[in-house]
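Below is one structure, written out as structure tokens; comments come after it.
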Amino acid sequence: MHASSLENMQLCFRRFIQGGPLETACKTTVLDLGAANVNGSYRTIFPSTHFEYTGVDLAPADGVDLVLDDPYVLPFADETFDIVVSGQALEHAEFFWLIFAEMGRVLKPGGFIFLIAPSAGPIHRYPVDCYRFYPDAYHALAKYAKLHLVDLWRDERGPWQDLVGVFQRQETPLATFPWPVARARSRGPAGAPYFRGSPDEEIVQGKRGYLEVLADLHRGLAPGFYIEIGVRHGDSLVLAECPAVGVDPEPQFKLPIPATTDIVALTSDDFFAGPHKEWLSDSFDLAFVDGMHLFEFALRDFMNLERAATPASLIVFDDIFPNHPAQAERVRRTGAWTGDVWKVYQILKAHRPDLVLLPIDSSPAGSLIVCGLNPTNRVLWDKYNPIVAAYAASDREPPAEVIARANAHPGDEATLAAICGVLRNARATGRYGTHIVQSLRSVIRS
């Protein structure tokens, strides 16, 4: 299973199951068609005890509860399952419409089919690879199986560019499922978990505080619009003196938030996937990424932000320099925690040499300034799944040069002001040529 497939199925769960009757029922039955655990399983999305999960496939494997005798006959009575999921399976079925009709037959009224299949990508036989699917294919399948096509989207991330469809039985009243949007100045949940490592594991360092660096960028850029991913207590968000939006599913403010700032209580994935363009109708000038401390989340935040940027925009990452390997673990156990966000810097260096990257020796865990943005660049989108697979499998601990902050810049006020001057001039003149990158590189070298 590739990363974007699991992420799309998680999105289906959040939009159509989470908080609804199928999540709160005493028992909800789930059928997974093509359930072999190959680099991951959808089963992890339905972990609570009231989800009764059945995985079927054509051969025994991890995650398979039942081996099918006939690939086009599901050995279950009509209307057995509340949820039917299938990913990366239909392209391997010679007569895929027959098995899709079976999926509709065993679905209960009021239940959902979540279907993911590739619309692109190389041949991958299992044991055959017959098809790629475009949006019209799901409309045709719904018509053939007499189902509602409730929702449909095509993921741009390569190489598979997943086509995701959500289906219900026709006797189920057709309802809309709006994207949740919350503008709330919430204090978040009480009783946050307490984490503490050994004294060595809790060490922090840096020449300047990250808030000082961010304050310099606000002064130098004078942004017309600011966006922040992961607002937590609001310490960095309050630096914005312009219209701003903070995105965080559980903000825990300890400071008053300016009236010009909107708070969207969503995950960043849901924010960028949903119809929230009212906040991004104008390009941002400055963005700060301090959300989920896992590299694939931070990478997606960058990809989505760059889409809404101009070449004069600037993005800052927090937490690119863990001070101890324990701080870089993907499952948190220390108070000072960066997760593996440090990998984003490595990814951008390797795959986006067109960008201007400036790692800053800030406290407590380093910052990364990214400029020279190109909203039309597709490299990360086209290579997303192989990039995530490669970086998830390698470098379980950060290399010594990451811990040592090799080649980190002090982030002095003069250098930051010069960077901001280049970007402000480009913004004022509307001249977005290669000279921006050349000027930025010259500033950093001087």
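Largest GNM mean-square fluctuation among ALA408, ALA36, ALA400, using the chain with Cα springs under 10 Å: ALA400.
Approximating the spin labels as points 7 Å out from Cα along Cα→Cβ, the ALA25-to-ALA400 distance works out to 5.8 nm. Placing unit charges on the Cβ atoms only, positive for Lys and Arg and negative for Asp and Glu, gives the chain a dipole magnitude near 1020 debye about its Cα centre.
The share of accessible area on the chain that comes from carbon and sulfur is 55 percent, using a 1.4 angstrom probe. DSSP assigns beta bridges within the chain; of those with both partners inside it, close to 40 percent run antiparallel. Overall, the anisotropy analysis places segment 354-419 in the oblate class: the square-rooted eigenvalues a ≥ b ≥ c of its C-alpha gyration tensor yield a/c not less than 1.5, with a/b not exceeding b/c. Remark: segment 1-116 carries a charge dipole of roughly 480 debye about the Cα centre, counting +1 on each Lys and Arg Cβ and -1 on each Asp and Glu Cβ. Three principal axis extents describe the C-alpha atoms of segment 12-135; from largest down they are 41, 28, 27 Å. Neighbours of ARG169, meaning other residues whose beta-carbon lies under 14 angstrom from its beta-carbon, give a summed charge of -1 when Lys and Arg score +1 and Asp and Glu score -1.
For the chain, with the dipole built from +1 on Lys and Arg beta-carbon atoms and -1 on Asp and Glu ones, taken about the Cα centre, which of ALA259, ALA61, VAL231 lies farthest toward the positive end? Result: ALA259.
Rg/Rh, computed from the Cα trace of segment 309-446 with Rh as the Kirkwood radius, has the value 0.99. Each DSSP beta bridge with both residues in segment 38-167 is either parallel or antiparallel, and the antiparallel ones are about 60%. Computed over the chain with a Gaussian network model linking Cα atoms closer than 10 Å, the most mobile of LEU74, LEU314, LEU358 is LEU74.
Note on segment 1-159: dipole from Cβ charges, positive end direction compared against ALA140, VAL30, PRO122; the farthest Cα belongs to ALA140. Pairs of lysines in the chain whose Cα atoms sit within less than 20 Å of one another amount to 5, provided the residues are eight or more positions apart or on different chains. The accessible area of MET292, taken with all protein chains in place and a 1.4 Å probe, comes to roughly 100 Å². Indicate the gyration tensor shape class of the chain (rounded, prolate or oblate), computed on the Cα atoms with a ≥ b ≥ c the square roots of the eigenvalues: a/c under 1.5 is rounded; otherwise a/b larger than b/c is prolate and the rest oblate. Note, shape of the chain comes out prolate. Given the options PRO256, PRO410, PRO398, which has the most mean-square fluctuation in a GNM of the chain, springs set between C-alpha atoms less than 10 angstrom apart? Sorting by GNM fluctuation, first place goes to PRO256.
The values are calculated or read from the model by the stated rules, or taken from the named source; none is laboratory data. What you are looking at is a predicted structure, and each value in this text was computed from that prediction instead of being measured. Cβ atoms come from the backbone with ideal geometry, glycine included; neighbour counts cover every protein chain shown. Heads up: the accessible areas ignore ligands, DNA and RNA and are worked out on the full protein's heavy atoms, side chains in. Shrake-Rupley method; radii C 1.70, N 1.55, O 1.52, S 1.80 Å.
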